[in-house]
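Enquirer: This is the structure I want to talk about, given as structure tokens.
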Amino acid sequence: MSAGLQKTPFPITYRELWLPEAINGTKLPSSKNGGHALTLTGASKQTTSDGVHFTGAATSNIVVAANAAQNAKAAFNITIRFKLDATFATGAASDQYLFQKLLAADDYIKVFLENADGKLYWMQGNVAGGNEFTLTSTTVSWTAGTWYIITCSLTDGPVQRLLINGTLEDSDAVATPVTTPNGGDMIIGSSSDGGVDGLIGVISFVEIGVGATATVALVAADETDLAKGIPAATAKVQYLYLMDEGRLGATCTNRGDAGVAAGTLDSACTWAFGSCKRACLSLDGINDYAPSSLGVNITGDSSLVVVVKSKNTQDTSLRNSMMGWLYVNGNNYISLSHAVAFSGTRLSVNGSGVIKTIAYSTLPAIDDYRIYIATVRRASTVNLFVNGTLVTTGTWAGIIVGAATAYFGEYHTGAEFGNDEYLFATIIEGALSSKQVLEYSKWLNYKMRLGIAI
Amino acid sequence: MGVNDTALLEYNKRDIGFANDKLDGQLVLTTLFAASTVVPATPAVLTLFALDATGGSVKDVKFAFWLNDEIAATYTVSVFKTSADDLVTFVQDFVKTWTIALPGFDGVYSFEAGDLEEGLQIEIRVWKDSAGTNAIRGTLTYLG
């Protein structure tokens, strides 16, 4: 046992303390005696992995076995977030496949980077021969180390679309696509299990909608949200691979509607981490949530601290998403959220019906770590700090009354789901001062190796 | 400040120290609490605690639990771990298996589960050999 050379720079008393490393199945127990455990629904213990790294080798791929949920469907869409190890453009050594589902030589759907022209191709084969449609990006150069989010879709409308980072780069409403292949595994990161034309880089998530057009077809708002890291609604997501398992030997769990269809990592795939390697509470942003038992104390002066790995840009979206929702009733709560028609983070505090809402509009990038600290002083002030800095403040005359339930990733009615990954959450006795917040944030940043510039 | 206040203050200092030291990233004590629940009859198994060492090795995992005396039965406590060559499959560490015969009274039982190397996971599982309701609650501590 080593000696503790550094301590918290000032005394702190925790009312609640939740450490994701202790998640036990569907429970996140409290690390505070008398605290309130969280019960996970859909949410799970994962890691801060950035995704899966692919090498392009024959054993670098993820296989999702063919099944009825993905075969012979009239509509299909896939969103992939990826970055490359080396810049890709015309003259690259070989094509790099991101995805393919292939049954026969002329019966496939596929997404790949083409070395002849540097473009991204979204193609479907026609079982009668020839290509049913071919869409290509206007982007012809892909920068090493830069994340891209692509969305490729088809319906029997017919509508075929190709978007890069939310921008439509090609579409086709003339060619009528055939249904998805009635067999053949879905391959992520390569053309096939054994192909040597796979991606050389990292994929951080894959979201697939497949089914009837009326059910899974994306609307423009879905496409916009996907480019921000915000998933589509439940019914439109049959496969969702968040790729945050972070453990050699682990499969890639499907968090979407098709349920059990896990992806199997081949041997050359590895998990990519940054400087921070920790267990976290992972939520899919579709229908996962993690409420506590009743009895959380948010009365008087208190501070809510949440450390997250941002999984969306918090930009204006179709719906609210909750980060921390400490709820007694409609007249008494503390809410840390991203809200419809507002880009950024909002802190709302309601005490005995007296509400104060303050907002912060600087957006994170996906994968940014953030330390949010909301301080509440009874009948006085509410403050929101981000990464140690006071970003917004307001006066407030409210007094919170009653015992609360803590919700992470959802509103108390089972809505407004969020997909940020939680590394740490606590409620501290008393409202921290600005200096305390700064010191505490620096300390958390150092201890967790978050790499935030504070 | 009364006696009770002083005791509470001292308790809080200790509690704060544990939590803070944990966040410090050094090998100091952290505690988990498992609320009261029912011990199932075999073949059902209760996983009382789980711990993940993804962020770095933890040492000296200890746990204790309280059993009430409502059911006379043979209780088994077992430590399951993943291993370096298989990071996702839990296997029983038989050395750390104990049988508790007939608690007979409200009992506190303490065990040691050793170290948990970086990247591994551990689960503490409990079951008994006969049906019937009885309660268990516990704490787990580790240096991590």
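The values are calculated or read from the model by the stated rules, or taken from the named source; none is laboratory data. Worth saying up front: this structure is predicted, and the values here are computed from it rather than measured. Positions of Cβ are generated from backbone atoms using ideal geometry, with glycine treated the same way; all protein chains shown enter the neighbour counts.
Enquirer: Residue A:135 versus (1) surrounded by 19 or more Cβ atoms within 10 Å (Cβ to Cβ); (2) outside any strand (DSSP E or B): which is the lone unmet condition?
Expert: Residue A:135 satisfies all of (1) surrounded by 19 or more Cβ atoms within 10 Å (Cβ to Cβ); (2) outside any strand (DSSP E or B) except (2).
Enquirer: Now for a separate question. Is there any pair linking a residue in region A:114-132 that is of a type in the set (D, E, K, R) to one that is not in a loop (DSSP other than H, G, I, E, B), with Cβ under 6 Å and at least six apart or on different chains, and which?
Expert: The qualifying pairs are A:114/A:121; A:119/A:136; A:132/A:124.
Enquirer: Taking residue A:105, is it away from chain B (no Cβ under 14 Å) and at pLDDT below 95?
Expert: Criteria met by residue A:105.
Enquirer: Quick check on this structure: which one of A:159, A:140 is modelled with pLDDT under 95 and of a type outside the set (Gly, Ala, Ser)? Please lay out each step first, then the result.
Expert: Values: A:140 fails: modelled with pLDDT under 95.
Only one candidate passes the filter, namely A:159.
Enquirer: Let me ask something else. Does region A:233-246 contain at least one residue that is within 30 Å of residue A:445 (Cβ to Cβ), within 14 Å of chain B (Cβ to nearest Cβ), over 17 Å from the mean Cα position of the chain (by Cα) and modelled with pLDDT under 95?
Expert: No.
Enquirer: For residue A:324, indicate whether it is surrounded by 17 or more Cβ atoms within 10 Å (Cβ to Cβ), within 30 Å of residue A:220 (Cα to Cα) and without any contact (Cβ under 8 Å) to a residue 40 or more places away in the chain.
Expert: Against the criterion (surrounded by 17 or more Cβ atoms within 10 Å (Cβ to Cβ), within 30 Å of residue A:220 (Cα to Cα) and without any contact (Cβ under 8 Å) to a residue 40 or more places away in the chain), residue A:324 does not qualify.
Enquirer: Oh, and also: Quick one: residue A:41 ticks every box in (1) within 14 Å of chain B (Cβ to nearest Cβ); (2) under 20 Å from residue A:306 (Cβ atoms) bar one, so which box is it?
Expert: Here residue A:41 clears every test but (1).
Enquirer: Quick one: which of B:9, B:51 is more than 20 Å from the chain's Cα centre (by Cα) and either surrounded by 15 or more Cβ atoms within 10 Å (Cβ to Cβ) or at pLDDT below 90 (or both)?
Expert: It is B:9.
Enquirer: When you scan region B:67-86, how many residues do you find that are surrounded by fewer than 16 Cβ atoms within 10 Å (Cβ to Cβ), in a strand (DSSP E or B) and more than 9 Å from chain A (Cβ to nearest Cβ)?
Expert: Residues flagged as surrounded by fewer than 16 Cβ atoms within 10 Å (Cβ to Cβ), in a strand (DSSP E or B) and more than 9 Å from chain A (Cβ to nearest Cβ) within region B:67-86 amount to 2.
Enquirer: Here is a further query. Take the residues of region B:109-137 that are within 24 Å of residue A:47 (Cα to Cα) and of a type outside the set (A, V, I, L, M): which is surrounded by the fewest Cβ atoms within 10 Å (Cβ to Cβ)?
Expert: Checking each candidate, the answer is B:118.
Enquirer: Continuing with this model, one more query. State all residues of region A:257-275 that are at pLDDT 90 or above and either outside any strand (DSSP E or B) or touching a helix residue (DSSP H, G or I) at 6+ places or on another chain (Cβ under 9 Å) (or both); if no residue qualifies, say none.
Expert: Across region A:257-275, the qualifying residues are A:262, A:266, A:267, A:268, A:269, A:273.
Enquirer: Moving on. Are any of the residues in region A:256-264 under 12 Å from the mean Cα position of the chain (by Cα) and more than 14 Å from chain B (Cβ to nearest Cβ)? If you could, list the steps in order and put the result at the bottom.
Expert: So the first thing to find is which residues in region A:256-264 are under 12 Å from the mean Cα position of the chain (by Cα), and the list is none.
Taking every residue of region A:256-264 in turn, none turns out to be under 12 Å from the mean Cα position of the chain (by Cα) and more than 14 Å from chain B (Cβ to nearest Cβ).
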